[in-house]
Amino acid sequence: METKIIETMDVTKKINGHSILADVSFSIEKGSITGLLGPNGAGKTTIIRLLNGVIDASHGRISVLGKNPKTEGEEIRKNSGIVTESASLYHDMTAWDNLKFFSRIYGVNDERRITYLLDQFDLLEVKDKLVGTFSTGMKKRVSLAKALLHNPKLLFLDEPTNGLDPDGINSVIYYLDRVNKEEDVTILICSHVLHQLEHICDSYLFLKKGRIIEKGTKHDLEEKYLKKIRLLVETGLTVKERSYMGYPIEHKGQGRIEFSLSSKDEIAPLLREILKETWIHSSVITNRSLESLYFKIAGEHNE
Amino acid sequence: MNKHIIKAIAVKDIKSIFSSKKVWIPMVILSFILCIACPGVITYVGIHTDLLNQPSEDIEKPIQAVIEQFPAEEMRNTLSELPTLGSKFVYYFMHFMLIPLFLMTATIHSMVTASNSFAGEKERKTLETLLFSPISVYDLFLGKVLASLIPTLFMTYCSFIINMAVVNLMANKAFDSLLFLDAGWMVFMFWVIPAVVLFNILLNILVSARVKSFQEAQQFGGIMILPVVGIIISQASGLFFLSPFILFLIGTGLFIGNALLLRFITRFNQRNALFESQIH
Ligand SMILES: Nc1ncnc2c1ncn2[C@@H]1O[C@H](COP(=O)(O)OP(=O)(O)OP(=O)(O)O)[C@@H](O)[C@H]1O
Ligand SMILES: [Mg+2]
């Protein structure tokens with residue numbers, strides 16, 4: 001059973017003598033959603049281009065859907081959908097005409113697929129309006145529909161939430177999750193907007209200055225980087241000292257205390273102890289967000 | 001080669017040309033002025049007024065000079081047999097001086113449509129999406145060529161037919177035979193014009209695929225008018241005479257050039273090269 005849908009080994013990309021990617025190696029599981037994270041200019045877009053064979057790597061091996069993008073790019077492009085950074089639609093055409101055009105390009109003859117996708121993305125009512133008159137969020141949704149026209153096995157998304165308001169981000173995330181589950185599409189998302197992403201990604205690749213500095217599932221990364229756990233507890237507990245059960249504490253306002261623990265194993269005994277004395281309404285680990293992990297990882301790789 | 005994809009691209013671009021008033025209205029106006037109004041007015045003035053028949057040295061002398069020196073005997077005889085100076089001038093104009101006007105119109109149309117199609121794709125950032133799709137670069141270029149060739153030829157032939165009707169209706173009593181239905185015009189219209197238009201389009205696409213911006217492509221396009229201007233001057237001054245045979249040779253030469261150009265374009269514009277030079 002082949003479960004790796006994308007594999008790269010020591011991929012290097014130079015443009016005009018400038019090294020843009022160096023020794024990039026990673027693999028992506030079939031059916032997963034992977035977040036490719038990194039600051040501006042890290043090389044995220046370049047990786048997507050290499051994987052689609054629209055530019056060639058200087059060194060290294062790449063395999064996408066079992067094909068080499070350099071020689072069999074056509075096959076890869078037939079089976080993958082992409083939403084590029086700029087929405088890349090024809091503004092002087094209607095949503096319907098845009099999708100109709102791209103379905104011809106992708107060899108899809110079934111108009112029901114267009115109607116289905118327009119419906120899925122809540123665009124059916126505006127299908128005969130010019131795309132130029134659409135909001136950023138609507139354009140993104142048309143692009144997503146465009147990328148899914150041909151039932152791709154793989155979906156590449158370059159900053160899919162850029163320029164969207166929180167509602168727009170949520171709806172894109174929601175659609176992606178559905179596409180992944182219902183159509184079994186493997187998704188690679190590039191982004192530098194981190195919150196929201198953590199709810200749908202199975203694993204992450206952290207890219208910085210053209211190098212993969214870390215990769216893994218959120219669980220793996222937490223194991224590795226979450227040396228201190230900050231647990232915020234909503235409780236009736238009153239502590240006069242600067243610590244409780246030997247754990248340093250910090251008061252975070254009325255009835256909220258943050259404990260510093262050194263591992264998750266210490267959470268249960270702590271809560272049990274508090275419950276003996278008083279009530280607890282909630283407890284949450286505050287430093288496990290993707291964003292805090294990101295800064296931690298980026299920080300450790302700052303040389 | 002995938003016919004469906006080529007057709008999809010061509011149809012989309014042609015629709016975009018005819019749905020954008022900014023593109024097609026100037027084209028129609030230019031065709032109307034140069035290829036219909038201009039010959040129409042000249043025919044009317046030459047045949048239905050006496051304006052050109054005044055015994056005036058200024059007009060008569062150069063026309064007579066051209067007629068006397070004319071290299072083709074048949075044409076010289078026809079011209080000298082025509083009764084009035086006005087009809088001589090109309091006959092001469094319709095046979096020679098109108099050709100460069102049509103050539104110029106077709107050249108401009110092909111430049112406008114070609115830059116709308118290829119450079120326009122780049123300008124709208126949709127080229128990137130197209131390169132990410134399973135289209136071969138060859139099909140993309142071919143679709144773009146058709147997208148510009150078809151509207152240009154359509155406009156040119158429409159104005160030719162209207163011009164033929166207008167001029168012949170006004171001039172039918174003055175000449176023995178219908179104007180424009182001779183070998184020269186036929187070879188010109190159906191052999192030279194397609195060759196020239198195709199040449200312009202290919203050159204335009206080649207340049208668009210090399211330069212970064214729309215403006216640069218437009219500036220380069222301007223240079224393509226120069227040969228046309230050269231032909232206008234030489235035709236008007238009777239410097240050389242484009243016989244049907246010479247026209248045929250010119251067309252053939254251009255078609256050979258086109259085949260070479262197309263090969264050159266596809267060979268030097270592989271997807272990755274195109275992508276790296278065009279997408280930022
Ligand atoms: N065609 C090119 N020519 C020259 N340099 C390039 C080219 N494409 C990319 N680069 C450089 O490569 C680096 C990585 O670019 P890339 O677009 O992959 O970054 P990114 O991670 O997608 O950034 P962003 O978040 O801003 O989209 C940048 O420094 C960029 O300037
Ligand atoms: Mg990018």
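Could you give the C-alpha radius of gyration of chain B expressed as a fraction of 2.2 N^0.38 Å, taking N as the number of residues it contains? Walk me through the numbers on the way to the answer.
Numbers: Rg = 21.5 Å, N = 280, 2.2 N^0.38 = 18.7 Å.
Output field value: 1.15.
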Listed residue (A:Gly41, B:Leu274, B:Phe175) projecting farthest to the positive dipole end of the protein assembly as shown, Cβ model: A:Gly41
Among B:Lys21, B:Lys212, B:Lys88: highest mean-square fluctuation, GNM of chain B, C-alpha pairs under 10 Å: B:Lys21
Approximate shape of region A:155-244 as ellipsoid semi-axes (Cα gyration tensor, √5λ), whole Å, largest first: 32, 19, 13
Projected-area mean, region B:127-203, by convex hull of Cα positions, square nanometres: 6.4
Shielding by partners - mean other protein chain Cβ count within 10 Å, residues of A:100-107: 6
Those GluC sites (Glu not before Pro) in region A:1-33 that DSSP places in a loop and that have at most 13 other beta carbons within 10 Å: A:Glu2
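Dipole size in debye (nearest 20) for region B:46-173 around its Cα centre, Lys and Arg Cβ +1, Asp and Glu Cβ -1?
480
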Averaged over B:9-22, number of beta-carbon atoms from partner chains that fall within 10 Å: 2
Burial order of peptide ranges B:266-272, A:269-275, B:126-132 (average beta-carbon count within 10 Å, highest first): B:126-132, B:266-272, A:269-275
Integer Hz, Karplus 6.51/-1.76/1.60 couplings in order for region B:176-183, x for Gly and Pro: 5, 10, 5, 6, 6, 9, 10, 4
Computed magnitude of the charge dipole of chain B (debye, nearest 20; Cβ of K, R +1, Cβ of D, E -1): 1480
Euclidean distance of C-alpha centroids, region A:216-278 and region B:65-143, integer Å: 81
Sequence-separation-based contact order of chain A, relative, with Cα cut under 8 Å and 6+ spacing, percent: 19
Largest to smallest principal axis extent of the C-alpha atoms in region A:4-222, angstrom: 47, 38, 32
Folded to 0 to 90 degrees: helix A:267-277 orientation relative to chain A principal axis, Cα: 40
Peptides ranked, highest mean first, by Cβ atoms within 10 Å: ranges B:146-152, A:277-283, B:119-125: B:146-152, B:119-125, A:277-283
The protein assembly as shown: C-alpha pair distances exceeding 40 Å, %: 47
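Return the average number of partner chain Cβ atoms within 10 angstrom of each residue Cβ along peptide A:83-92.
Average neighbour count from other chains, rounded to a whole number: 5.
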Estimated dipole of region A:227-287 in Debye, rounded to 20 [Cβ of Lys and Arg +1, of Asp and Glu -1, Cα centre]: 140
Relative contact order (percent, whole number), chain B, Cα cutoff 8 Å, 6+ residue spacing: 28
Fraction of beta bridges assigned by DSSP in chain A that are antiparallel (%, nearest 5): 65
Bins of 10 Å, starting at 0 and running to the largest distance - Cα pair percent for region A:165-303: 10, 32, 27, 22, 8, 0
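Place the peptides B:172-181, A:32-41 in order of packing, highest mean first, counting for every residue the other Cβ atoms within 10 Å and averaging per peptide.
A:32-41, B:172-181
Throughout, read-outs are computed from the coordinates displayed, never taken from laboratory work. Fair warning: this is a prediction, and the values are worked out from it, not measured in the lab. A quick note on method: Cβ atoms are made from the backbone with ideal geometry, for glycine too, and the neighbour counts reach across all protein chains shown.
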